[in-house]
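**Student:** Can you read through this structure? Questions will come right after.
The values are calculated or read from the model by the stated rules, or taken from the named source; none is laboratory data. Every value quoted in this text rests on a predicted model; they were computed, and no experiment measured them. When we count neighbours, we look across all protein chains shown, and the Cβ atoms used for this are built from the backbone with ideal geometry, even at glycine.
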Amino acid sequence: MHLKSDKELRTELQTAEFELLVPANNKDIAIKATKAGSDAVYIGYEKYSERIQAGNSMQDLIELIEFAHIYRVKVYITINTILKNEEIPKVEKLIWHLYAIKADGIIIQDMGILECNLPPIPIIASTQCHNNTIEKINFLEKTGFKRVILPREITLDEIKEIHKNTNIELECFVHGALCMSYSGQCYLSYAIGGRSANRGECAQPCRKKYSLKDAEGKYIVRNKNILSLKDLNLSERLEELILAGITSFKIEGRLKNEAYVVNTTAYYRQLLDKITDNLKLKRASKGISNYDFEPDIYKTFNRGYTTFNIDNNKKDLSTYTYTSSLGEYLGVVQYVKKNYFSMKTNILNNGDGICFFNEERELIGTKINKIEGNLIFPAEIKGIKPGIKIYRNYNRVFDTKINNANITRKLSTKLRGREIPTGYIFFLEDEDGNCAQQMISNKVELAENKEKALNTIIVQLSKSGNTEFRIKETDIKLKNIPHLKVSKINEIRRNLTNQLRKIRKKNYKYKYRKTPIKIVEYPISKLNYKANILNDKAALFYKKRGCFIEEMALESQKNTTEKEVMISKYCIKNQLGLCPKHTAVKKFVEPYTLIDEFNKEYLVEFNCKDCVMKIRTKN
């Protein structure tokens, strides 16, 4: 294992391309996100995706890829579920289709895919692969993966160590919903109701209410959302992540709406641009985005924010009493009357949604029916008292503005015009050196008012309209000025932009996978159900790499009794102030038992040495 020197790390930093990677439920959201400034989007096909509800047709993917590639924006397709035997041939055929339409990569979890006959399409290891050690990541690199998506639980120091010891691209989540369990290692949804997270069918049991009691039967917690985490927000840590070795910054949210995706994309685009410009680093795509709204990540869906485990800090991670959007903090209630209340600062609008915590710390929501000055008339006044904090979790004006926003993304071009023996030639050249040209014959009438005619040509040719191009520089040098109708000049401009668009598409530099899939020893010799091996090809993959398979995937088993169904860096004891590292008082006797809404019980285990919590089925 080669440990990189400081010089090598600096060279990598200067040559790397930094990518803002955003989610898309569908083609329309992906196109909006591209316009708003993404460097890449990830999106699902109709099947085989971790978000089974977020599927798209092949035609949608074709149209998206054609649009995105104009801006050199990459499109990654998620095929990150574990597969049944009968699905493998269909997925192999799908991957060849994706390669044919120039999808920039596939995000996978199932290693059985690598036993197929694959085209040289780049392969990315999903976070579902549980990429949590240097040894595992080195294995994936040597096998032939282009990139690994790191676990959400990873710390900044761990990222630095991984980067020093590997050469593979590193992608990490910087924003969005957090899973309580390590990705790929959560089986709670399957254990409760047969809906597998590894098959894209997670029922989100971590957002449900649970009770917790100790070994003596004493209740520690009753009916709370103790497994529900706040949303991730590493927007203030981007520069540190860049210097640690991250090149792809991922926003979570393939089930989120357009307002969320566009707002979050624009927000992170502005931040990343400032950092990369300051450090003189390269951005992964082209074009400058403009929008007529001010992005604000508190004004769209959020459960409150946390930096999670980036600093190995596990305090105040849980939402505890709620799972819906908290939104943005507005202020404190001053006084309350029969059907209205007042705040010192009132920036609410009719139709907004507000929420507040009641005496039981439950999040209560209501709608604003009417505003009269500082008097706010909610649909429901119950629970609103002087001194409580008000949050806005639906901003009607902001959402409407984003959904109707004028968002453009323009590529800089230079317009040139020259005389040639046979007439005139005009060039439109983009920032990548692609050049379109249009000639007109010299058999045209010359202008009597040369200055006016030349000005008309320059003004009309410089209009980019609704195209993806912006004329940044004009250089038209003509001696004999032709008299051209405005319609003719517009035709020249349309021909130039249409031609340049086609040239950009043709000249897109697709990055093929250069190395074949290799057989290298897997760092773990014995594999149980947590390796998520569901099909024969996946089993063959691991056997070729020296593994003994003790057990196939849990999804192939009906009995989940006494199985570990979650492993997490989040700790209930820490959340409740019961961690022995921080308090000497032992209020409750272990082991603890977690009880779900169906009265099914789970054993909660604590590995304090590694600061890890595990949940195991009991019955």
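**Student:** Could you check the range 75-118 and list, in sequence order, the residues that are among the small types (G, A, S) and within 22 Å of A24 (Cβ to Cβ)? Before you say what the answer is, go through the steps one by one.
**Tutor:** Of all residues in the range 75-118, those among the small types (G, A, S) come to 100, 103, 105, 112.
Within the range 75-118, A100, A103, G105 qualify.
**Student:** If a residue counts only when it is under 29 Å from the mean Cα position of the chain (by Cα), which strands (runs of 3 or more DSSP E) contained entirely in the range 423-536 have at least 2 such residues?
**Tutor:** 469-476
**Student:** How many of the residues making up the range 452-477 are loosely packed, with under 15 Cβ neighbours inside 10 Å and over 22 Å from H69 (Cβ atoms)?
**Tutor:** Of the residues in the range 452-477, 7 are loosely packed, with under 15 Cβ neighbours inside 10 Å and over 22 Å from H69 (Cβ atoms).
**Student:** Tally the residues that are modelled with pLDDT of 90 or more and of a type in the set (D, E, K, R), restricting the search to the range 547-595.
**Tutor:** Qualifying residue count, the range 547-595: 9.
**Student:** Of everything in the range 4-47, what is at pLDDT below 95, surrounded by fewer than 23 Cβ atoms within 10 Å (Cβ to Cβ) and small (G, A, S)? Give them in sequence order.
**Tutor:** S5
**Student:** Exactly one condition in (1) of a type outside the set (G, A, S); (2) touching a residue at least 24 places away in the same chain (Cβ under 8 Å); (3) farther than 30 Å from I123 by Cβ is false for N455; which is it?
**Tutor:** (2)
**Student:** Just give me the residues in the range 75-100 being of a type in the set (S, T, N, Q) and either closer than 23 Å to S183 by Cβ or not assigned by TED's automatic domain parsing to the domain that holds G112 (or both), in sequence order. Reasoning before the result, please.
**Tutor:** Pass one, the range 75-100, residues of a type in the set (S, T, N, Q): 78, 80-81, 85.
Listed by number, the residues that qualify are T78, N80, T81.
**Student:** Need the failing condition index for T400 against (1) assigned by TED's automatic domain parsing to the domain that holds K479; (2) of a type in the set (S, T, N, Q); (3) farther than 30 Å from H69 by Cβ, just the number.
**Tutor:** Unmet for T400, out of (1) assigned by TED's automatic domain parsing to the domain that holds K479; (2) of a type in the set (S, T, N, Q); (3) farther than 30 Å from H69 by Cβ: (1).
**Student:** Hey, can you tell me all the residues within the range 163-190 that are part of a helix (DSSP H, G or I) and either crowded, with 23+ Cβ neighbours inside 10 Å or of a type in the set (S, T, Y) (or both)?
**Tutor:** To start, the set of residues in the range 163-190 that are part of a helix (DSSP H, G or I) comprises 163-165, 188-190.
Listed by number, the residues that qualify are L188, S189, Y190.
**Student:** Filter the range 499-544 for residues that are over 20 Å from A125 (Cβ atoms) and of a type in the set (D, E, K, R) and give the result.
**Tutor:** Hits for the range 499-544 are R501, K502, R504, K505, K506, K509, K526, D536.
**Student:** Still on this model: Which one of the conditions (1) surrounded by 16 or more Cβ atoms within 10 Å (Cβ to Cβ); (2) out of contact with any helix residue (DSSP H, G or I) (no Cβ under 8 Å at 6 or more places or on another chain) does E448 fail to meet, given that it meets all the rest?
**Tutor:** (1)
**Student:** I'd like to verify a number: residues in the range 251-286 that are in a helix (DSSP H, G or I) and either within 15 Å of the chain's Cα centre (by Cα) or crowded, with 22+ Cβ neighbours inside 10 Å (or both), how many?
**Tutor:** Within the range 251-286, the subset in a helix (DSSP H, G or I) is 258-279.
Within this subset, residues satisfying the condition of being either within 15 Å of the chain's Cα centre (by Cα) or crowded, with 22+ Cβ neighbours inside 10 Å (or both) are 258-269, 272.
Of the residues in the range 251-286, 13 are in a helix (DSSP H, G or I) and either within 15 Å of the chain's Cα centre (by Cα) or crowded, with 22+ Cβ neighbours inside 10 Å (or both).
**Student:** Right, something else. Do the conditions hold for I390, that is, is it more than 27 Å from D292 (Cα to Cα), at pLDDT 95 or above and not assigned by TED's automatic domain parsing to the domain that holds E468?
**Tutor:** Criteria met by I390.
**Student:** Now a separate question. Is at least one residue of the range 480-495 within 30 Å of K282 (Cα to Cα) and surrounded by fewer than 18 Cβ atoms within 10 Å (Cβ to Cβ)?
**Tutor:** No, that holds for no residue.
**Student:** Within the range 599-619, can you find the residues that are touching a Lys or Arg at 6+ places or on another chain (Cβ under 8 Å) and of a type in the set (D, E)?
**Tutor:** E601, E605
**Student:** Here are some residues: K558, K526. Which one is loosely packed, with under 14 Cβ neighbours inside 10 Å and out of contact with any Asp or Glu (no Cβ under 8 Å at 6 or more places or on another chain)?
**Tutor:** Working: K526 fails: out of contact with any Asp or Glu (no Cβ under 8 Å at 6 or more places or on another chain).
Only one candidate qualifies: K558.
**Student:** Look through the range 492-528, keep the residues that are charged (D, E, K, R) and touching a strand residue (DSSP E or B) at 6+ places or on another chain (Cβ under 9 Å), and return whichever of them is nearest to L446 (Cα to Cα).
**Tutor:** Restricting attention to the range 492-528, the residues satisfying the condition of being charged (D, E, K, R) are 493-494, 501-502, 504-506, 509, 511, 513-514, 518, 521, 526.
Then keep just the ones that are touching a strand residue (DSSP E or B) at 6+ places or on another chain (Cβ under 9 Å); that gives 493, 501-502, 504, 511, 513, 526.
Working: R493: 20, R501: 31, K502: 32, R504: 34, K511: 49, R513: 55, K526: 84 Å.
Checked the range 492-528; the qualifying residue nearest to L446 (Cα to Cα) is R493.
**Student:** Please verify whether Y512 is surrounded by 13 or more Cβ atoms within 10 Å (Cβ to Cβ), aromatic (F, W, Y) and within 30 Å of L98 (Cα to Cα), treating the condition exactly as stated.
**Tutor:** Numbers: surrounded by 13 or more Cβ atoms within 10 Å (Cβ to Cβ): no; aromatic (F, W, Y): yes; within 30 Å of L98 (Cα to Cα): yes.
So Y512 does not fit the description; no.
**Student:** Here is a follow-up. In the range 382-421, what residues are free of Cβ contacts under 8 Å to residues at least 40 places away in the same chain and either surrounded by 18 or more Cβ atoms within 10 Å (Cβ to Cβ) or aliphatic (A, V, I, L, M) (or both)? Quick ask: steps written out before the conclusion?
**Tutor:** To start, the set of residues in the range 382-421 that are free of Cβ contacts under 8 Å to residues at least 40 places away in the same chain comprises 382-383, 400, 404, 420-421.
If the condition is that a residue be free of Cβ contacts under 8 Å to residues at least 40 places away in the same chain and either surrounded by 18 or more Cβ atoms within 10 Å (Cβ to Cβ) or aliphatic (A, V, I, L, M) (or both), then I420 is the only one that fits.
**Student:** Scanning the range 362-380 for residues that are in contact with a strand residue (DSSP E or B) (Cβ under 7 Å, 6 or more places away or on another chain) and either among the basic types (K, R) or outside any strand (DSSP E or B) (or both), which turns out nearest to T323 (Cα to Cα)?
**Tutor:** Taking the candidates together, the pick is K367.
**Student:** Any chance you could count how many residues in the range 278-292 are in the same structural domain as V22 (by TED's automatic domain parsing) and over 18 Å from L411 (Cβ atoms)?
**Tutor:** So the count comes out to 4.
**Student:** Look through the range 313-367, keep the residues that are free of Cβ contacts under 8 Å to residues at least 60 places away in the same chain and among the basic types (K, R), and return whichever of them is nearest to C579 (Cα to Cα).
**Tutor:** The residue in question is R361.
**Student:** Test T497 against the criterion of being free of Cβ contacts under 8 Å to residues at least 60 places away in the same chain, more than 22 Å from P421 (Cα to Cα) and of a type in the set (V, I, T), and give yes or no. I'd like the intermediate steps shown before the answer.
**Tutor:** Working: free of Cβ contacts under 8 Å to residues at least 60 places away in the same chain: no; more than 22 Å from P421 (Cα to Cα): yes; of a type in the set (V, I, T): yes.
In short, no.
**Student:** Would you point out which residue out of N559, N498 is among the polar types (S, T, N, Q), closer than 30 Å to N466 by Cα and not assigned by TED's automatic domain parsing to the domain that holds N117? So that I can check it myself, show each step before the final result.
**Tutor:** On the way: N559 fails: closer than 30 Å to N466 by Cα.
Result of the check over N559, N498: N498.
**Student:** Just one of the numbered conditions (1) in contact with a strand residue (DSSP E or B) (Cβ under 9 Å, 6 or more places away or on another chain); (2) crowded, with 19+ Cβ neighbours inside 10 Å is not true of N535; which one?
**Tutor:** For N535, the exception is condition (1).
**Student:** Could you check the range 442-490 and list, in sequence order, the residues that are of a type in the set (S, T, N, Q) and under 24 Å from R504 (Cβ atoms)?
**Tutor:** Looking only at the range 442-490, we keep the residues that are of a type in the set (S, T, N, Q), and these are 442, 449, 455-456, 460, 462, 464, 466-467, 474, 480, 487, 490.
The answer is Q460, S462, S464, N466, T467, T474, N490.
**Student:** Counting only residues that are crowded, with 21+ Cβ neighbours inside 10 Å and touching a residue at least 60 places away in the same chain (Cβ under 8 Å), which one in the range 91-113 is farthest from A553 (Cα to Cα)?
**Tutor:** D104
**Student:** Which one is surrounded by the most Cβ atoms within 10 Å (Cβ to Cβ), of the residues in the range 128-157 that are touching a Lys or Arg at 6+ places or on another chain (Cβ under 7 Å) and in a helix (DSSP H, G or I)?
**Tutor:** Once the filter is applied, the top-ranked residue is T143.
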